[in-house]
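Notes follow once the structure below has been shown.
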Amino acid sequence: MNAHVSFTEPDDDLARDVFASLSHIVSLTTLSPFDIDSTVSRMGLAISRLQQYRLSGAYQHRFRVSGLTPGEARRMTDRLAHLPGVAGAQVEHLISRV
């Protein structure tokens, strides 16, 4: 299982202070169909832009989450990566200035 990260913990403060908008794109690879919406909802989060497709016997799920720091998004992705049937997980941090 693999969780890719782009920020280190001290960057949470920098991201919060410098950037006006911060969201995260999570990519999840599973070995069977997976109800990602209810799984993430149980974590107390809402997802948007959910894309799901099958690729060579695996299932790809891509979605966006907002309202988290980079560290929180990384920890959420790590929790997802350790669920049964999950082959890998990755998070991309999207930052924009206003």
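The values are calculated or read from the model by the stated rules, or taken from the named source; none is laboratory data. On a predicted model such as this, the values are computed, not experimentally measured, just so you know. All Cβ positions, even for glycine, are placed from backbone atoms using ideal geometry, and neighbour counts span all protein chains on display. Heads up: the accessible areas ignore ligands, DNA and RNA and are worked out on the full protein's heavy atoms, side chains in. Shrake-Rupley method; radii C 1.70, N 1.55, O 1.52, S 1.80 Å.
Brief remarks follow.
- Filter pass, Gly57 being at positive phi, touching a strand residue (DSSP E or B) at 6+ places or on another chain (Cβ under 6 Å), open to solvent by less than 60 Å² (accessible area, probe 1.4 Å) and modelled with pLDDT of 85 or more: no
- Members of the stretch 21-36 that are exposed (fewer than 14 other Cβ atoms within 10 Å of the Cβ) and touching a residue at least 12 places away in the same chain (Cβ under 8 Å): Ser21, Leu31, Ser32, Pro33
- When residues of the stretch 44-98 are limited to those that are of a type in the set (S, T, N, Q) and free of Cβ contacts under 8 Å to residues at least 60 places away in the same chain, the one farthest from Val26 (Cα to Cα): Ser56
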